[in-house]
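Trainee: First, the structure itself, so that you have it in front of you.
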Amino acid sequence: MILLNISTFSGHLHPLIVHLPIGFILLAAIFNILSYFKRYESLKPAVSIALLLGFISAVLACVFGYVLSTSGDYDQNVLRHHEFSGITVALIAGILYFIATGHSKKSALIPGKLFSIILVGVVMLMSYSGHQGASLTHGNDYLTMQTLMKKVRDKPVSVDNAMIFEDVVQPILENKCAQCHQDGKQKGNLSIESLQALYKGGKTGPAVVPGKLNESELYKRITLDPENKDFMPKDGKTPLTKSEVKIIKWWIEKVGAISGQRMAELKNIDTIRPQVAMYLGIGRPVSAAEDTHSFTPVINPDIPAVADTSLIGRLKKKGLMVRLMLKNPLMLDVTLPAKSGIKVVDFRDDMLPLAKNIIWLNLSSNNFSDSDLSFLKSFSNLEKLRIERNPLTDQVVNSLSSLKHLESVNLNETGITNASVINLKKIPAIKNIYTWRTAANQTN
């Protein structure tokens, strides 16, 4: 696992390092051309230094790029062109460095003008390699006339006038999914460019099955626990908002994942009208917070307006992360880093006075037992709890059953059984219970 993480991290350095050889080699070319003018002759020795730095950084970019290529689902033809051109740039930059410094004078004599022509050629090859890299990341049509000439649809003036797929669903998918799933770049062999492509799906089956949410891979992936390896979009990309997920669900389940029809032509649109209006920005300005939560949240009146803020500082000093969600009333999001080695007794006394102000709590992967977490029954306003990857049993539910505001609890990779799921479902506000890799016979 550690080696895998190091490999993944190394691959992620490629986009950072790849800009260095571009700058150094381009600088070498500029210095070389300027050195033909008497006024800038002094720049000639700098050409070899720039080439050396360009060669070293290009080699590193190639190494980290190869590591990155093994962890992604890339177009193999474009990948080969990118790899070959990148390696060629590195090799020629190295050769030109040795020529510029005089190391090869005995074995090869290259006139100055020919050297300059080759160096300009390297810049052109480097540009080609960069274009191939952009195609891998953004798709083959990222920099094409097709993209330049693409017509943008006019924004509908009302919800009733909006085309359900063309104006609502497709723009959502293009904004959140197209970076990895378009005609020019199809990770998992999936494209979201058209409704037919969604019906066809990818490696794991149809992305959309009209009227059947449980068979629609798209809906299943966007509603997974974000910690799940199959959650989409992945790699830290912005997930769909709650209102966007509701729109996708309604489109698949209620209207059969259709296209070519206006909202006014569909039945029972009143339930989804507010979400569509909010997404389109019709009716009133929409703030980022509203879009994230899909509606103006109702604040729990039981949350104390104030609390002893000195306790927040004490929790931070003990290694916990505390985020202020709202100032009035005071709402907190508290996280204990995974595998911290910190015991409950080390922070419990400082946390309990803030219990009614803690709305989100993450104590995952810290080797806590049922008895360690018995103090959770005091967190009466808790809405989201993560206690996955701890050695817990069904007994932990005894500490959670009284939390009437609890909406989501993550129990992945614990020792709970289906009995816990049954008891947790009795909580009035509960919406999501995550039980991946447990003995529970269902996941919610």
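The values are calculated or read from the model by the stated rules, or taken from the named source; none is laboratory data. Note that the coordinates shown come from a computational prediction; the quantities given were computed from them, not determined experimentally. Quick reminder, even Gly has a Cβ in these numbers, built from the backbone with ideal geometry, and neighbours come from all protein chains shown. To get the accessible areas, we keep the full protein, side chains included, count just its heavy atoms, and leave off ligands, DNA and RNA. Shrake-Rupley method; radii C 1.70, N 1.55, O 1.52, S 1.80 Å.
Trainee: Provide the FRET efficiency to the nearest 0.05 for the R80-A134 pair, computing r from the beta carbons and using R0 = 22 Å.
Mentor: Values: r = 16 Å, r/R0 = 0.72.
Plugging the Cβ-Cβ distance into 1/(1 + (r/R0)^6) gives 0.90.
Trainee: Quick check: pseudo-label points 7 Å beyond the Cα along Cα→Cβ at N189 and N268, how many nm apart are they?
Mentor: It works out to 3.5 nm between the two label points.
Trainee: If I take R0 = 25 Å and measure r between the Cβ atoms of K327 and K242 in this structure, what FRET efficiency does the formula 1/(1 + (r/R0)^6) give, to the nearest 0.05?
Mentor: Numbers: r = 23 Å, r/R0 = 0.92.
Efficiency computed from Cβ-Cβ geometry: 0.65.
Trainee: Given axes a ≥ b ≥ c from the Cα gyration tensor, I'd like to know whether the range 330-444 is rounded (a/c under 1.5), prolate (a/b larger than b/c) or oblate. Before the final figure, lay out the partial values.
Mentor: Details: a/c = 1.80, a/b = 1.23, b/c = 1.46.
Here the range 330-444 falls in the oblate category.
Trainee: Probe 1.4 Å, all protein chains in place: accessible area of S116 in Å², nearest 10?
Mentor: Ignoring ligands and nucleic acids, S116 comes out at about 10 Å².
Trainee: Classify the range 292-374: rounded, prolate or oblate, from the alpha-carbon gyration tensor (a ≥ b ≥ c, eigenvalue square roots; a/c under 1.5 rounded; otherwise prolate if a/b is larger than b/c)? Display every interim value, and only then the final one.
Mentor: Values: a/c = 2.00, a/b = 1.60, b/c = 1.25.
In terms of gyration-tensor shape, prolate.
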